[in-house]
Structures are given as structure tokens and as C-alpha cells.
Amino acid sequence: MYYYVINMLWHHELEHKIELTAAAGREDRYLIILFVTLLTVLFFLLLMIGFILLNRKISKRLWQPFYNSLAQIKSFNLDQQQTVSFQETDIEEFSELNNSLNKLIAGNIAVYNQQKEFADNASHELQTPLAIIQSKLDLLLQTKLLTDEQYDLIEDANKALARVTRINKNLLLLTKIENSQFMDKETINLSELLENALILFSNFSENKNLVFDKDITDGVTIEGNKILVEILLNNLITNAIRYTPNDNTIQITLNNKALFMANPGTLSLQQEQLFKRFGTTSAETPGTGLGLSLVKQICSRYNWKTDYTFSNMQHIFSVTF
């Protein structure tokens, strides 16, 4: 086509038998050169576009097995453990990739099942003896022949056992969260859930003569697992009550963007240990060291941001949705 157009141009010029001056001849030659140049650039661009389109079509066909495998991986859910079947391909590299992915997925499923089985077994095997020990200690406390020293020893053992029971439950809960055993999601009325949680903790706050100063926006909803959200709220409220001196006020604010809990204090908590497991944030009121770790784990699961600041003699915990 390029040759045909140039040939037509050449014959067109030869057919013109017009006498031209030297200046007119130069101008005519410049026009011919310009036209040939533009024509060459146009054909070059057409060739490049053709090569690009052809290359994209060939590449798409060659990489189709990779995109098929990628779609299978994206749709894979470890909790559901559905079967992943990669399409057969005659491309050796993609065939090796699919075989490696099959081995990797099979190994992850096996580890997941082992961890899940461990969590279930530990929950069953540990709770039963702990409950038996608890009941035996309660029976001992009801014995009339106990001395004051024996009573104090049993009471200390009872407190230590209660702490072990809480730690066991929290560790099992953390394991279940990490193993994605709370995958169900629903629309949750967070305003209503928070109000109910504060009612449940009213007895504990009254024991320390604490007041809840609430600023809760009605109708705040989030997407998540209701059990996990309840645990998050309960741990934040428990933490606020524990670290608040008697005869004070706990400020609770909830809006569509974030949840804030502020309680008075004298010293800032150790932020580097705050959300770590068994981290000691304060020697004055030690807990199990797992409550805030659970809060962090739950927030990370739903891509929420949790933070702590100490300002104007206030401990402020926030969860940004």
C-alpha cells in the first residue's frame, strides 16, 4: 500500500508537463518531500498500532492460564475450604506454578485444620478440669472447720484459678480469631449494642461509684460479627472501669466514624506494651494482659484503626471505623 501510494504520486508528477521556474521547482520538490514524509509517518504509526494490537492479542492468549489461576486464588476462602481446581495448560511454567499452588493450598488447609482442632480440644479438655477445681475450692470454702489462714490460702487459690480460666478463654478466643473462625458478618446496630453493654456493666461501675457520661448517636451501624463486636465493647468498658479511680466519670462517645472512651488517670499507660499479649501496661491494676490484645485483633480483622492517647489527665481509647 505504501509503495502503491508513492508510485501514484510519482506518476502524477511525471504527467504534469508544465514549465516551472527554478524557484517553483524547488517549492514543488519541498511539497513532494513533505507529503512523502507525512505518508511515511502515517504508515509507520499504522504499523506500530497493528503490532501493539497483535501483541496484546497474543499475550492475552498466552497469559490466559495465569489469569485463570489468579481468579481461582482470589475466590479461595480458607474457612470454607472449597476445592481449588486449576485448568490444565500445555505451558510448562504455568503448569509448575499450578502444581506449587496446589501444594501450598493443601498445606495451609492441613495447618488450619490442625489449629482449629487444637483450639476445640483445648477448649474442651482445659475447661472441664478447671471447672472441677473451682467447684472443689468452693466446697472447701464452705467447710466450717477451716482456720482463717486456711481460708485465706483457699481464697488466694480461687483468685489465681479464676485468672487462669480467663486467660485460657481469651487465648482460645484469640486463636479462633486468627484462624478465621468468626467469618459470618451482619449489619449491627452499634448504638443499641453499646447501650446494652453499658447496662450490663452498671453494677461494676456502681461498686466504684462511677458515672457513664454518654454521647451516643442513634442508629450507628457497622458490618461485622456480632460476637466479636460485643467482645470488643466489653473489653474496652472493662478496661475503662478498671483504670478509673473511684468517684469519677467515664466519657463514652459514639458517632458514625468512631468510638471514644475516656477515663481519668494520673499516669500514661505503657504504649509499647498496650496491645501486646500479656503486656503489662500498669503495675497498679494488673489484668490478664489479653483484653486489649483482643481489641487490636478484632479491629485488624475489619480494617478498623484502634489508638490510645493520654491527654489532660485522660486515658482515651478510640476505634475508627
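The values are calculated or read from the model by the stated rules, or taken from the named source; none is laboratory data. Treat the numbers as computed from the prediction; the structure is a model and nothing was measured. Here the Cβ positions follow ideal geometry from the backbone for every residue, glycine too, while neighbour counts run over all protein chains shown. Protein only, heavy atoms only, side chains kept; ligands, DNA and RNA dropped before computing areas. Shrake-Rupley method; radii C 1.70, N 1.55, O 1.52, S 1.80 Å.
Name the long-range amide H neighbours of T249: under 5 Å, sequence gap of 5 or more, or other chain; modelled H, no Pro or chain starts.
Under 5 Å from the amide H of T249: V211.
Between F51 and V84, what length in nm is gained on full extension when 0.36 nm per residue of separation is reduced by their alpha carbon distance?
On the way: separation 33, 0.36 × 33 = 11.88 nm, distance 3.66 nm.
Gain in length upon complete extension: 8.2 nm.
Which whole-number percent is the relative contact order of region 79-174 (Cα, under 8 Å, 6+ apart)?
Numbers: 21 pairs, mean separation 26.4, N = 96.
Normalised by residue count, the contact order of region 79-174 is 28 percent.
Given H placed 1.01 Å from N in the peptide plane, which residues other than close sequence neighbours of I216 have an amide H under 5 Å from its amide H?
L254
Give K185/K214; K116/K169; K103/K169 a once-over and call out the pairs whose C-alpha atoms are over 22 Å from each other.
Values: K185/K214 27 Å; K116/K169 15 Å; K103/K169 34 Å.
Distance filter (> 22 Å) returns K185/K214; K103/K169.
Give me the accessible area of E96, 1.4 Å probe, in Å² rounded to the nearest 10.
The accessible area of E96 comes to roughly 100 Å².
Using a/c under 1.5 as the rounded threshold, could you call region 145-216 rounded, prolate or oblate? The axes a ≥ b ≥ c are square roots of the C-alpha gyration tensor eigenvalues, and prolate needs a/b larger than b/c, oblate otherwise. Mind showing how you got there, number by number?
On the way: a/c = 4.60, a/b = 1.42, b/c = 3.23.
Here region 145-216 falls in the oblate category.
Quick check on region 136-263: take the gyration tensor over C-alpha atoms, sort the square-rooted eigenvalues as a ≥ b ≥ c, and tell me if it's rounded (a/c under 1.5), prolate or oblate. The partial results should precede the final answer.
Details: a/c = 3.21, a/b = 1.59, b/c = 2.01.
Since a/c reaches 1.5 but b/c is at least a/b, the shape of region 136-263 is classed as oblate.
Pop out the ³J(HN,Hα) list for region 188-202 in order, Karplus 6.51 cos²θ - 1.76 cosθ + 1.60 with θ = phi - 60°, rounded to Hz; leave Gly and Pro as x.
10, 7, 5, 4, 5, 5, 5, 4, 5, 5, 5, 5, 5, 9, 5
In square nanometres, what is the average projected area of the Cα convex hull of region 187-238? List each step's numbers first, then the result.
Numbers: hull surface 14.1 nm².
With the hull built on Cα positions only, its mean projection is 3.5 nm².
Determine the percent antiparallel among the DSSP beta bridges restricted to region 119-263, to the nearest 5.
Values: 8 of 14 bridges.
Restricted to region 119-263, the bridges split so that about 55 percent are antiparallel.
Out of residues 5 or more away from H315 or on other chains, whose amide H comes under 5 Å of its own, with H placed 1.01 Å from N in the peptide plane?
Amide H neighbours of H315: N263, G265.
Which whole-Hz couplings ³J(HN,Hα) result when phi for each residue of region 309-314 is put into the Karplus expression 6.51 cos²θ - 1.76 cosθ + 1.60, θ = phi - 60°, listed in order with x for Gly and Pro?
Going residue by residue, I get 9, 10, 9, 6, 6, 10 Hz, with x marking Gly and Pro.
Per-residue accessible area for V220 at 1.4 Å probe radius, Å² rounded to 10?
0
Could you compute the net charge surrounding L137? Neighbours are other residues with a C-beta less than 15 Å from the C-beta of L137; K and R count +1, D and E count -1. Before the final figure, lay out each step's value.
Working: positive: K136, K159, R163; negative: D138, D152, E155, D156.
Charge balance in the 15 Å sphere: -1.
Mind grabbing the accessible area of K214 for me, 1.4 Å probe, Å², rounded to tens?
100
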